[in-house]
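Structure first, then comments.
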Amino acid sequence: MPTYLWQGSYSSEGAKGLSQEGGSKRRATVKEMVEAAGGKLHAFYYAIGKDDVIGIAEFPDQATATAVSMAVRATGTVSVRTTVLLTPEEMDAATKKSIAYRPPGAKG
């Protein structure tokens, strides 16, 4: 299954909700959502800095990962950036593919 990194920032409303629920309960809620979508939550951390929350999850496909991200973002309580993660083996496979590409301005 494809693996995704989530980086999220809570709105003031989201931060209020987190304060009321607590971090452990929020993690359990996210885990339940991921599993209900057929995925697996690998990591869930709170952060201090640009991001408030970071998660790593697997989903069966990109459509499912996108649907989850849209559902979360639609609440307006957290903005989410999603990054597709690759295993070392997937990177190995990518480096073995030959791709024809001419950079802009290069003669070819």
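The values are calculated or read from the model by the stated rules, or taken from the named source; none is laboratory data. Owing to the predicted nature of the structure, the values given are computational and were not obtained by experimental measurement. Cβ sites come from the backbone with ideal geometry, for glycine too, and all protein chains shown count toward neighbours.
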- Message: Exactly one condition in (1) exposed (fewer than 14 other Cβ atoms within 10 Å of the Cβ); (2) part of a helix (DSSP H, G or I); (3) under 12 Å from the mean Cα position of the chain (by Cα) is false for residue 13; which is it?
- Response: (3)
- Query: Which residues, counting only those in the range 18-53, are under 17 Å from residue 86 (Cα atoms) and surrounded by 13 or more Cβ atoms within 10 Å (Cβ to Cβ)?
  - Reply: 39, 40, 41, 42
- Is it true that residue 82 is under 12 Å from the mean Cα position of the chain (by Cα), closer than 14 Å to residue 4 by Cα and either part of a helix (DSSP H, G or I) or of a type in the set (Phe, Trp, Tyr) (or both)? no
- Note on the structure: residue 101 passes all but one of the listed conditions (1) farther than 18 Å from residue 51 by Cα; (2) under 20 Å from the mean Cα position of the chain (by Cα); the exception is number (2)
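For residues in the range 54-64 being in contact with a Leu (Cβ under 8 Å, 6 or more places away or on another chain) and crowded, with 17+ Cβ neighbours inside 10 Å, which is farthest from residue 84 (Cα to Cα)? Full working, then the answer.
First, pick out the residues of the range 54-64 that are in contact with a Leu (Cβ under 8 Å, 6 or more places away or on another chain): 54-57.
Next, from what is left, pick out any that are crowded, with 17+ Cβ neighbours inside 10 Å: 55, 57.
On the way: 55: 12, 57: 10 Å.
Top of the filtered list is 55.
Here is a yes/no grid of residues against (1) in contact with a Ser or Thr (Cβ under 8 Å, 6 or more places away or on another chain); (2) modelled with pLDDT of 95 or more; (3) in a helix (DSSP H, G or I):
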{"position": "26", "(1), (2), (3)": "no, yes, yes"}
{"position": "30", "(1), (2), (3)": "no, yes, yes"}
{"position": "33", "(1), (2), (3)": "no, yes, yes"}
{"position": "38", "(1), (2), (3)": "yes, yes, no"}
{"position": "41", "(1), (2), (3)": "no, yes, no"}
{"position": "49", "(1), (2), (3)": "no, no, no"}
{"position": "56", "(1), (2), (3)": "yes, yes, no"}
{"position": "63", "(1), (2), (3)": "no, yes, yes"}
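Picking from 67, 93, which residue would you name as being in contact (Cβ under 8 Å) with a residue 12 or more places away in the chain, surrounded by fewer than 16 Cβ atoms within 10 Å (Cβ to Cβ) and part of a helix (DSSP H, G or I)?
Numbers: 93 fails: in contact (Cβ under 8 Å) with a residue 12 or more places away in the chain.
Going through 67, 93 in turn, the sole match is 67.
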- Task: Just one of (1) under 28 Å from residue 20 (Cβ atoms); (2) loosely packed, with under 10 Cβ neighbours inside 10 Å trips up residue 102, so point out which.
- Result: (1)
- Odd one out for residue 76, checked against (1) out of contact with any Phe, Trp or Tyr (no Cβ under 9 Å at 6 or more places or on another chain); (2) surrounded by 11 or more Cβ atoms within 10 Å (Cβ to Cβ); (3) not in a helix (DSSP H, G or I): (2)
- Task: Go through the range 1-14 and give me each residue that's modelled with pLDDT of 95 or more and aliphatic (A, V, I, L, M).
- Result: 5
